[in-house]
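*Asks:* For reference, the structure I am asking about is given below.
The values are calculated or read from the model by the stated rules, or taken from the named source; none is laboratory data. What you see is a predicted model; the values in this text were computed from it and never measured. Positions of Cβ are backbone-derived with ideal geometry, glycine not excepted, and every protein chain shown enters the neighbour counts. Surface areas here come from the heavy atoms of the whole protein model, side chains and all, with no ligands, DNA or RNA. Shrake-Rupley method; radii C 1.70, N 1.55, O 1.52, S 1.80 Å.
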Amino acid sequence: MSERSRRVESLVLAAALFFSFGIINPRATSSAAARTASEGAVPIDRGAAALGQAINRLGVVASVLHTGAHPDDEDSALLAYLARGRQARTAYLSLTRGDGGQNLIGPELFEPLGVIRTEEMLSARRLDGAQQFFTRAFDFGFSKVRDEALARWDRDAVLGDMVRVIRTFRPLVIVSQWSGTPKDGHGHHQAAGFLTVEAFKAAADPSRYPEQVASGLSPWKALKLYVRDSERAQSREKPTPGILAVNTGSYDPLFGRSYYEIAMEGRSLHRSQDQGVLQRKGPQYSYLRLVESSVKTPALERDIFDGIDTSLMAIHKIAVEAGGTEANASEIHSALLDAQQAADEAKKQFNPFAPSAVSPIIARGLKRIVEVRELIGGQGQPGAGLREARFILAEKEKDFMDALARAEGIQVQCVSKDDIVTPGQSFNVSLTTYANSSTKTEMPQISHPGGWSVKVIDHSSTDVEGTNITRTEYQVTVAKDAAPTAPYWLKNPRKGDMFVPGDGGTGIEPNAPPPLSAEVKAIVHGQTVIVTRPVEYVFADKALGEIRRDIKIAPPVSITLSPRKLIFPISSRPVTLEITAGLTNNSNQGSRGEISIIAGRGWVVTPARVAFDL
C-alpha cells in the first residue's frame with residue numbers, strides 16, 4: 001500500500017433470485033497475481049560478478065532461441081549455461097502461458113493462472129539470464145494429439161507468432177524442446193515441436209508473413225536447428241555422432257556455483273506447478289540432436305556453435321561479404337579488430353577490487369563499435385547482410401555501454417511516491433544517480449505515454465567522498481483518459497483458444513512496458529553511456545523488507561463482489577442470497593457516489609442503491 005490511506009467500505013445487499021443463473025463473475029486476476037512485486041536484480045547480477053559477465057559478453061555475438069509449449073517445459077540448465085556460461089543472447093519461447101495447468105499456491109485457474117505463471121517465468125529468467133517470449137495461444141488443458149491442439153488454436157497465427165519471435169530475436173541457433181512426434185506425450189508438446197521446424201524455415205522466407213516484413217521485420221535464417229534428446233538425457237548414454245552433449249554442471253568461479261545449480265534455483269520459482277528441485281553439484285548433461293544445419297559441422301560436435309564464428313569479426317563478414325558491398329571494408333575490419341582486442345584485454349585486466357581500471361579499455365572498444373555502426377549506417381539501401389550487421393552492432397553497443405556503466409559504478413534509482421495512480425492525478429517521482437565524480441551526466445529524462453506530462457520541479461548535484469550524487473524531482477500527471485493497468489493480452493475477450501492482445505504488445509512479449517521509465521546519459525572517457533530504469537514504487541514490508549512494485553493505473557473506485565459466483569438449484573420459489581460489495585478508494589482526493597447492482601428481469605435487490613463517501 002502507498003502512504004496515502006485508502007478507505008474501504010463493504011456493503012451487504014440481499015438479492016431475491018427468481019431465475020436459475022448466477023450473478024455474472026467479472027474476470028479478474030487475484031491481487032497476488034496482479035500486483036506481483038517487481039523484484040530488483042538477483043545477486044549474481046550485481047557488483048563484480050555482474051561486471052565480469054558483462055566483460056565476458058563484449059566479444060561474443062552468439063545467440064540461441066529455445067522453444068517449448070508451456071512454462072516449465074524449458075531446459076532451464078541449458079538456458080543458464082548458454083546465457084551465463086557462453087554469454088550468448090538466449091531466449092525461451094513458450095507457445096502458451098500455462099493457463100490450463102494446476103495451481104498449488106492459490107485458487108486462480110485459467111487466465112489468472114496464466115498471469116501467475118508468466119511472472120514465475122520472468123522470475124526464473126532473471127536467474128538463468130535468458131529472455132522470454134510467448135505466442136497468443138491459450139492453454140486449454142491437456143490434449144492427447146497434435147492435431148487437436150492445432151485445430152483448437154489458430155495454427156497460422158501461432159506459427160506467425162513464432163516467426164515473429166525468430167525475426168525479432170534473430171538467433172543463430174534454435175533448440176526445440178520437443179520432437180513433434182507422439183513420443184512427446186501432450187498434444188501441445190507435439191504441436192510445439194512440429195511448428196518449430198516449420199517456423200525455422202518460414203522465418204527465412206520473405207513470402208511468408210509479408211505483413212511482418214512490411215512493418216520492418218527482416219526475414220531471418222537461423223544457421224542450426226537442434227531438438228533436445230530427452231530419451232538420451234534420461235538414460236545418460238555417452239554422446240554419439242549427431243548428438244551433442246552439453247555439460248550444464250560446469251562450475252563458474254564468478255558465481256561460486258554451476259549453471260545447473262543457478263538454473264534449479266530458478267526452476268524452483270515455478271511454485272504453482274510443484275517444481276521445487278535440488279541444486280545438484282557436479283556434471284549434468286543436456287543432449288541435443290542436430291536436425292538441420294547450413295554450416296559445416298564435425299560428425300561429433302563438441303560445441304553448440306561449431307562451424308559458427310561468434311567473434312566480433314563475424315560482423316565484418318556479414319556486413320561486407322553478405323552485404324554485397326566493399327565500401328569502407330578495410331575501415332570496418334580495422335575497427336572491429338580493435339573492438340575485439342579491447343574486449344579481450346578487458347577480460348585479462350579485470351580486477352574485482354578495482355573495477356574502473358578497465359573503463360578506458362571498454363570505452364575504447366565502445367568507440368570503435370560506434371564507428372562501425374556509423375560506417376555501415378552511411379551505406380545506401382541495406383541488403384540482408386547490412387541489416388543483420390546493424391542489428392548485431394546495436395546489441396553490442398548496448399553490451400559495451402552496460403559494461404562501462406558497471407565498471408564506473410553508475411547506479412540509477414527512480415522511485416514514485418505512489419504505487420497506484422488514477423486518471424488525471426499528479427504525483428511526484430524522485431530520480432537519483434550515483435556515479436564517480438569524474439563522470440558527467442546530462443539532465444535525466446522520464447519517458448511516458450501520450451497524454452501524460454512530466455515537469456522538473458527540483459534538480460541538485462553533490463559530491464560525497466568521490467561519488468557524484470544527482471537528484472531530480474519530477475511532477476508527473478496521468479492522462480485523463482488513461483486506461484487501468486491490466487495484462488495486455490487479457491484486455492480483449494479471447495477468440496476461441498487464442499488471445500486477442502490490446503495495446504501494450506503483439507502477443508509475443510511477456511508484459512507491456514512500464515508506463516514510466518527513466519533514462520540517464522553519462523559521458524565516460526569521452527563515450528556516451530545510456531542507463532534506463534523503470535520507475536518503481538518502493539516500500540518496506542515489516543516481515544519481508546524492501547519490496548518493489550511497478551506503477552499501476554486504477555479507476556478512482558474499485559469494486560469487488562463476494563462471492564464471485566452464485567450456484568443454486570432451480571426452484572419455483574424465490575431464493576434469497578447475500579452479496580457483499582467492497583469499495584476501495586484509489587483517488588488521493590477521495591470518492592463519493594452511489595452503488596447499485598444491475599439485476600436481471602424478475603430479480604429483486606435490496607437495497608436498490610447505497611450512497612458511499614470514501
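*Asks:* State yes or no: is ALA124 free of Cβ contacts under 8 Å to residues at least 24 places away in the same chain, in a helix (DSSP H, G or I) and of a type in the set (Gly, Ala, Ser)?
*Replies:* Criteria not met by ALA124.
*Asks:* Another one. Tell me which residues, restricted to the range 454-480, are open to solvent by 70 Å² or more (accessible area, probe 1.4 Å), part of a loop (DSSP other than H, G, I, E, B) and modelled with pLDDT of 95 or more.
*Replies:* LYS480
*Asks:* To continue, here is another question. What are the residues in the range 434-453 that are within 29 Å of the chain's Cα centre (by Cα), touching a residue at least 40 places away in the same chain (Cβ under 8 Å) and open to solvent by 70 Å² or more (accessible area, probe 1.4 Å), if any?
*Replies:* Within the range 434-453, GLU442, GLN445, HIS448 qualify.
*Asks:* Would you point out which residue out of SER76, SER63 is in contact with a helix residue (DSSP H, G or I) (Cβ under 8 Å, 6 or more places away or on another chain) and over 29 Å from ALA389 (Cβ atoms)?
*Replies:* SER76
*Asks:* Let me ask something else about it. Go through the residues of the range 537-550 one by one and say whether even a single one is of a type in the set (A, V, I, L, M, F, W, C), outside any strand (DSSP E or B) and under 30 Å from ASP139 (Cα atoms).
*Replies:* No; the residues of the range 537-550 include none that is of a type in the set (A, V, I, L, M, F, W, C), outside any strand (DSSP E or B) and under 30 Å from ASP139 (Cα atoms).
*Asks:* Still on this structure, I have one more. Can you report the number of residues in the range 138-179 which are open to solvent by 30 Å² or more (accessible area, probe 1.4 Å), small (Gly, Ala, Ser) and in contact (Cβ under 8 Å) with a residue 40 or more places away in the chain?
*Replies:* The qualifying residues number 1.
*Asks:* Let me ask something additional. Just give me the residues in the range 38-68 being of a type in the set (Lys, Arg), assigned to a helix (DSSP H, G or I) and either without any contact (Cβ under 8 Å) to a residue 60 or more places away in the chain or closer than 15 Å to PRO355 by Cβ (or both), in sequence order.
*Replies:* none
*Asks:* Right, another one. Give me a count of the residues in the range 255-273 that are assigned to a strand (DSSP E or B) and either in contact with a helix residue (DSSP H, G or I) (Cβ under 7 Å, 6 or more places away or on another chain) or crowded, with 22+ Cβ neighbours inside 10 Å (or both).
*Replies:* 1
*Asks:* What do you reckon, is TYR260 at pLDDT 95 or above and over 27 Å from ARG164 (Cα atoms)?
*Replies:* Yes; evaluated as a whole, the condition is true for this residue.
*Asks:* Another question about this same structure. Could you tell me which residue of the range 83-96 is surrounded by the most Cβ atoms within 10 Å (Cβ to Cβ), considering only residues that are in a strand (DSSP E or B) and in contact (Cβ under 8 Å) with a residue 60 or more places away in the chain?
*Replies:* My answer is LEU93.
*Asks:* Residue by residue through the range 274-298, note down the ones that are aliphatic (A, V, I, L, M) and touching a helix residue (DSSP H, G or I) at 6+ places or on another chain (Cβ under 6 Å).
*Replies:* VAL277
*Asks:* What tally of residues in the range 274-295 results from selecting those that are in a loop (DSSP other than H, G, I, E, B), of a type in the set (D, E, K, R) and touching a strand residue (DSSP E or B) at 6+ places or on another chain (Cβ under 8 Å)?
*Replies:* 1
*Asks:* In the range 67-82, is there at least one residue being open to solvent by 10 Å² or more (accessible area, probe 1.4 Å), under 24 Å from ILE508 (Cβ atoms), at pLDDT 95 or above and aliphatic (A, V, I, L, M)?
*Replies:* Checked against the condition, which is being open to solvent by 10 Å² or more (accessible area, probe 1.4 Å), under 24 Å from ILE508 (Cβ atoms), at pLDDT 95 or above and aliphatic (A, V, I, L, M), the range 67-82 yields no hits at all.
*Asks:* Additional query: Quick one: how many residues across the range 390-433 are open to solvent by less than 30 Å² (accessible area, probe 1.4 Å) and assigned to a strand (DSSP E or B)?
*Replies:* So the count comes out to 11.
*Asks:* Return the residues of the range 181-221 that are within 23 Å of VAL295 (Cβ to Cβ) and open to solvent by less than 10 Å² (accessible area, probe 1.4 Å); say none if nothing qualifies.
*Replies:* Matches in the range 181-221: GLY193, THR196, ALA199, ALA202, ALA203.
*Asks:* Where residues in the range 180-209 are over 26 Å from the mean Cα position of the chain (by Cα) and of a type in the set (S, T, N, Q), which of them is farthest from GLY68 (Cα to Cα)?
*Replies:* SER207
*Asks:* Here's a follow-up. Within the range 515-525, how many residues are open to solvent by less than 60 Å² (accessible area, probe 1.4 Å) and part of a loop (DSSP other than H, G, I, E, B)?
*Replies:* Total meeting the criteria: 2.
*Asks:* Something else about it: Please enumerate the residues belonging to the range 576-603 that are over 38 Å from the mean Cα position of the chain (by Cα) and assigned to a strand (DSSP E or B).
*Replies:* Result: THR576, LEU577, GLU578, ILE579, ARG592, GLY593, GLU594, ILE595.
*Asks:* Enumerate the pairs (first residue in the range 559-585 and open to solvent by less than 40 Å² (accessible area, probe 1.4 Å); second residue anywhere and among the polar types (S, T, N, Q) and assigned to a loop (DSSP other than H, G, I, E, B)) with beta-carbon separation below 6 Å, excluding pairs fewer than 6 apart on the same chain, so at least 6 apart or on different chains.
*Replies:* Every condition considered, the pairs that remain are ASN585/SER591.
*Asks:* Return the pair list, or none, for Cβ contacts closer than 8 Å from residues in the range 279-303 that are of a type outside the set (S, T, N, Q) to residues that are open to solvent by 70 Å² or more (accessible area, probe 1.4 Å) and not in a strand (DSSP E or B), at least 6 apart or on different chains.
*Replies:* These pairs meet every condition: TYR285/ARG236; ALA299/PRO241; LEU300/PRO241.
*Asks:* A further question on this structure: Collect the residues in the range 367-417 that are among the small types (Gly, Ala, Ser), under 21 Å from the mean Cα position of the chain (by Cα) and more than 30 Å from ILE547 (Cβ to Cβ), keeping them in residue-number order.
*Replies:* ALA394
*Asks:* Can you tell me how many residues within the range 475-503 are within 17 Å of the chain's Cα centre (by Cα), without any contact (Cβ under 8 Å) to a residue 40 or more places away in the chain and within 20 Å of VAL158 (Cβ to Cβ)?
*Replies:* Number satisfying all stated conditions: 1.
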